[in-house]
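Engineer: Sending over a structure as structure tokens; questions will come in a sec.
The values are calculated or read from the model by the stated rules, or taken from the named source; none is laboratory data. This is a predicted model, so every value here is computed, not measured. Positions of Cβ are backbone-derived with ideal geometry, glycine not excepted, and every protein chain shown enters the neighbour counts. Protein only, heavy atoms only, side chains kept; ligands, DNA and RNA dropped before computing areas. Shrake-Rupley method; radii C 1.70, N 1.55, O 1.52, S 1.80 Å.
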Amino acid sequence: MPASPPTTLQPRKTPTQSRSRVTVEAIYEATIQVLLRGGMNELTTTHGAERAGVSVGTMYQYFPNKQALIYALNERYLDALAARIETTCREQAGAPLGQMVEALIETYWTAKTERADITRALYRSVAELNNDALIHAFAERVDRATTAMFSGACDALFADVPRTNLALVTVIYGTVRNAFERGLSAQEAAELRQDLTTMCRAYLATFTA
């Protein structure tokens, strides 16, 4: 389900026709380009509209201010990330726990690092917004997928699947974010990813038949 942002961050309308969806996608892509080049200080609705090739009036049809635009952009990003995690969880149905956690780490790590510049820009852009609803909606969505996946592992002996799931996703997601915040080199990041996989597999070994 979509997040329910504070009133001041809600879009004015949602695009329903194909032409309007293309327009909003152009606005999103232009916003990313501005953020990559100059960050939040450079982003204005006027600048974003110019970069997208639309009028300021068109921009305001959808987004009342740049904060609402940034919120919607992050919601779009998290929606795509959640969809990737859900796909992985479906593909791993009935697999062994170790394989499942490796696939989850692979999916999340790849999604966050394939365009690391965009990930960093989005982390920074949302720092001053009230994005609690957005984060909670994402967490609930992926928790449903990962909990269902781990519950169906062919070698699992769980007493409390939600608790185990919470421990795993907290460690995985937190580790990836910490890698960004520390600005690790490619080698350091690769080593950290390997160690993360080892730790998760060792934890899950306590729940296998």
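Engineer: May I ask you to list the residues in region 161-175 that are closer than 23 Å to Pro96 by Cβ and open to solvent by less than 70 Å² (accessible area, probe 1.4 Å)?
Structural biologist: Step one: filter region 161-175 for residues closer than 23 Å to Pro96 by Cβ, giving 161-173, 175.
The answer is Val161, Thr164, Asn165, Ala167, Leu168, Val169, Val171, Ile172, Tyr173, Thr175.
Engineer: Here's another thing I want to ask about it. Which of (1) open to solvent by 50 Å² or more (accessible area, probe 1.4 Å); (2) in a helix (DSSP H, G or I); (3) touching a residue at least 40 places away in the same chain (Cβ under 8 Å) is the odd one out, the single condition Lys112 does not satisfy?
Structural biologist: Only one criterion is unmet by Lys112, namely (1).
Engineer: Among the listed residues Glu50, Glu75, identify the single one that is of a type in the set (Asp, Glu) and surrounded by 18 or more Cβ atoms within 10 Å (Cβ to Cβ).
Structural biologist: Only one candidate qualifies: Glu75.
Engineer: Mind telling me which of the residues Thr16, Thr8, Thr23, Thr31 ends up being under 23 Å from the mean Cα position of the chain (by Cα) and open to solvent by 80 Å² or more (accessible area, probe 1.4 Å)? I'd like the intermediate steps shown before the answer.
Structural biologist: Working: Thr16 fails: under 23 Å from the mean Cα position of the chain (by Cα); Thr23 fails: open to solvent by 80 Å² or more (accessible area, probe 1.4 Å); Thr31 fails: open to solvent by 80 Å² or more (accessible area, probe 1.4 Å).
Just one listed residue meets the conditions, Thr8.
Engineer: Name the one entry in Val142, Val126, Val171 that is under 15 Å from the mean Cα position of the chain (by Cα) and closer than 24 Å to Ala202 by Cα.
Structural biologist: On the way: Val126 fails: closer than 24 Å to Ala202 by Cα; Val171 fails: under 15 Å from the mean Cα position of the chain (by Cα).
Being under 15 Å from the mean Cα position of the chain (by Cα) and closer than 24 Å to Ala202 by Cα holds for just one of Val142, Val126, Val171, which is Val142.
Engineer: Show the residue pairs that are 6+ apart or on different chains and have beta-carbon atoms under 6 Å apart, the first residue being within region 142-157 and open to solvent by less than 30 Å² (accessible area, probe 1.4 Å) and at pLDDT 95 or above, the second being charged (D, E, K, R) and assigned to a helix (DSSP H, G or I).
Structural biologist: Taking only residues 6 or more apart or on different chains, the pairs are Ala145/Glu86.
Engineer: For Gln67, state whether it is modelled with pLDDT under 90 and open to solvent by 50 Å² or more (accessible area, probe 1.4 Å).
Structural biologist: Taking the combined requirement at face value, the residue does not satisfy it.
Engineer: Could you check region 78-102 and list, in sequence order, the residues that are open to solvent by 40 Å² or more (accessible area, probe 1.4 Å), polar (S, T, N, Q) and farther than 18 Å from Ala137 by Cα?
Structural biologist: Selection gives Gln99 alone.
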